[in-house]
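Single-structure report; data block below.
Every number here is computed from the coordinates shown, using simple stated rules; none is lab data. Since the structure is predicted, the reported quantities are computational estimates derived from the model, not experimental observations. FYI the Cβ positions are ideal-geometry reconstructions off the backbone, even for glycines, and counts take in every protein chain you see.
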Amino acid sequence: MPFKENISAGAGVALRSFFYLLADEEAWLTSQGVRPALAYLAAARYAAQAVLPERAGLPSWVLAMGSEVFPGTAGLAPCPAATAADHEIMRRHWTLLGDTAALMETGGDIRLALDAQTGLNGYGASHRPRPWAITFASSTASSSSARGYAAGEKARRRAAVALLQGERRPAVARELRAVRQGIARYFALPPGTEVVLAASGTDTELLALALAHMAAPDQKVKNIVIAPEETGRGVPMAARGLHFAVDTALGANVTFEAPIAGFRGDTELAPVALRNADGGLRAIQDVEAEIWRLVETGVAACQKILLHALDVSKTGLLAPRPEFLRAVRAAFAGADIVVDACQARLSAVSVQHYLALEAVVLVTGSKFFTGPPFAGALLLPKRVAARLRRRTLPEGLDAYFGQDDFWSASPAIAGLPETGNFGLALRWHAALAEMRAFARVPDCLRTEILDGFTAVVRRKIAENPALVLLDVPALERGVEDWERRRSIISFLLRGADGRWLSPVEARSVYLWLNADLSPWISAPAAARICHIGQPVTIGAAGALRVAAGARLFAGEPSHRGFSQAQRLKREFADLAVVFDKIALILAHWPRLWAENPQPRYRNFGAVRREAEAASSRP
């Protein structure tokens, strides 16, 4: 091993971690029948990616092994026993080998990239577990849990063995197939339902539009989208067949808002607002009447109708109601219905009811289920799925989907890349672990936990005159008690001058909650890391959100030593800390505004303790 370069004390700690991880991974790969020299090279690649966040001062050969780009034979970790065939296997599979967290960051877009300064992605989250953080962020995105990360790691190791033994496409395809089967089992999908995986909820919108074009290629599509401002920033673009970022899930560089090749350029976007200009809610009857008029006029103009339903929005709104969708289906048999259930705050039975209306259902594993961000899927009813066997997809979707993201081969997907999205597979495996844990929680206990969650939030908001609860109507759907209750609670904040905080100011509060404020505020809550939902614009104000995710119900593996009552007492105490920290932020606003603290993967105290422990070792 090369040790000629000078190693700093901090890098020495990372290097020790590197060799520990290398030895563990090498031993495991060898035990699975991988040739020793190849096992060593693959293990070095894995260990290098794992320590790469601590890159300052690491030897150049470790940095090369952790690089996204194959460094050539000369850049590989020295291994005299390795053959040219071993080097070629490493080259062919370089981007599919490595650390689980790093692989989870692939197969999305720029929002998944880690900020080198913060160690967090664009959602303020990490694919590595962050157990010291108080997390009520499932309305936006969550860091991986220990349970989810372990499931992703298990899938990564399975695939690594297959890759190193000569497979490529089968290794990835098997993991994607296992994900689709897991989703189908969780939602108890009826026979003939097809599951298509997509990098994000926004990516699912592209395929939903493509399916509408495939049903009526000679008709202009009228895409009726409910409250796009409460779904995702990219939805209005995806709903018209436009690129919604500067890169795609499969790494292609594209032009933001440019047309995607193969989509008709005349799609009409018809947004329907759920709120008035001042942020107040519109009556659901008025919303549904507007939708009905849009459908009627579109049909009269010989347009293909693509009607979106929202179950539920960023602030927990549902529209239109299921009975309204049944009326639309009865009156307009040719309309396509897509249910945006990307928050996934509904039961399997509710999903089945939507599918019975021949509605495409969009879900994610990365909102309510608290899997890593960027894990989407479309659930296609049998008659809609049949379109994939009759027509071809727009050619530009080859930058977003691979063949193995689909359940079965068909002429429609022949132009897509053969290998599907491996990073997506790992993220979904993490989400499925949370889904299985949530499925074991009885309905009555889910209801009790949600009632306790709501009670704590209402009490803490009532205690602070600067906070005002944003109320939403009861959810008129579902057969299980828990899915009719609120699991996203939004609230507005007043500044010292009595006005509502703007969206920009609310975002600052959101960021500062996720940061260690102890250098500026002397109070226990200041040091706590609190990750909540990103702010939503309501009128001219910014609303913050706390959300109950699946982990609140199922607990973490580290909670096994607690009784149910003890665990929930601790969870609800953490929830109260979120509001205590908000009070501190509002009380120290001028100084925080001037300093603008930024979130970090770890807080200052954790870093100091690690450094002190490292310096005390012989």
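With N denoting the number of residues in the stretch 1-98, provide Rg(C-alpha) divided by 2.2 N^0.38 Å, to two decimal places. Mind dumping the intermediate values first?
Values: Rg = 12.7 Å, N = 98, 2.2 N^0.38 = 12.6 Å.
Taking N as the residue count of the stretch 1-98, the ratio is 1.01.
Rg and Dmax over the alpha-carbon atoms of the stretch 223-317 stand at 15.0, 43 Å.
3J(HN,Hα) along the stretch 165-173, derived from phi through the Karplus expression 6.51 cos²θ - 1.76 cosθ + 1.60 where θ = phi - 60°, amounts to 9, x, 8, 9, 4, x, 5, 6, 4 Hz, with x in place of Gly and Pro.
Ignoring aspartates and glutamates fewer than eight residues from LYS154 along the same chain, the ones with Cα atoms less than 19 angstrom from its Cα are ASP24, GLU25, GLU26, ASP99, GLU105, GLU167, GLU175, GLU434, GLU556.
Sequence-distant contacts, meaning Cα pairs under 8 Å at least 6 residues apart, place the relative contact order of the stretch 1-98 at 31 percent.
Across the stretch 222-378, C-alpha contacts under 8 Å between residues 6 or more apart give a mean separation that, scaled by the residue count, equals a relative contact order of 18 percent.
Taking chymotrypsin sites (Phe, Trp or Tyr not before Pro) in DSSP loop states with no more than 15 other Cβ atoms inside 10 Å as exposed sites, the chain has its longest site-free stretch at 257-561. Amide H to amide H distances under 5 Å link ALA319 with LEU310, where only residues 5 or more positions off or on other chains count and H is placed in the peptide plane. Neighbour counts of other Cβ atoms within 10 Å put LEU52, LEU432, LEU475 in the fewest-to-most order LEU475, LEU52, LEU432. Label-to-label distance, THR95 versus ALA386, with points set 7 angstrom from Cα along the beta-carbon direction: 3.7 nm.
Descending by average beta-carbon neighbour count within 10 Å, the peptides 205-213, 177-185 line up as 205-213, 177-185, the highest first.
In sequence order, the stretch 269-282 has phi-based couplings of 8, 10, x, 10, 7, 9, 10, 6, 4, 7, x, x, 7, 7 Hz under the Karplus curve 6.51 cos²θ - 1.76 cosθ + 1.60, θ = phi - 60°, and Gly or Pro positions carry x.
Can you give the helix-only mean residue ellipticity at 222 nm for the chain, where every DSSP H stretch with n ≥ 4 adds -39500 (n - 2.57) and the sum goes over all residues, rounded to the nearest 500 deg cm²/dmol?
Details: 20 runs with 257 residues, N = 618.
Helices in the chain give a 222 nm mean residue ellipticity of -13000 deg cm²/dmol.
Note on ALA587 and ARG458: the model spin-label points, each 7 Å out from Cα along the C-beta direction, lie 2.6 nm apart.
Amide H contacts under 5 Å for ILE337: LEU307, VAL360, restricted to partners 5 or more places along the chain or on a different chain, H placed in the peptide plane at 1.01 Å from N.
With the alpha-carbon atoms of the stretch 141-300 aligned to their principal axes, the span from lowest to highest coordinate is 58, 37, 36 Å, starting with the largest.
Based on C-alpha pairs under 8 angstrom that are at least 6 apart in sequence, the chain has a relative contact order of 17 percent.
How do ASP574, ASP24, ASP218 line up, fewest other C-beta atoms within 10 Å first?
ASP218, ASP24, ASP574
Applying the Karplus relation 6.51 cos²θ - 1.76 cosθ + 1.60 with θ = phi - 60° to the stretch 122-131 yields 3J(HN,Hα) values of x, 9, x, 10, 9, 6, 7, x, 9, x Hz, where x marks Gly and Pro.
Expressed in nm to one decimal, what extension gain is obtained for the pair ARG494 and CYS444 from 0.36 nm per residue of sequence separation less their Cα-Cα distance?
Working: separation 50, 0.36 × 50 = 18.00 nm, distance 3.66 nm.
The span from ARG494 to CYS444 would gain 14.3 nm if fully extended.
Taking amide H atoms as placed 1.01 Å from N in the peptide plane, the amide H of ARG275 lies under 5 Å from those of ARG282, each 5 or more residues away in sequence or on another chain. Are there any trypsin sites (Lys or Arg not before Pro) in the stretch 378-472 that are in a DSSP loop and have at most 14 other Cβ atoms within 10 Å? List them by number. Those satisfying the criteria are ARG390, ARG440.
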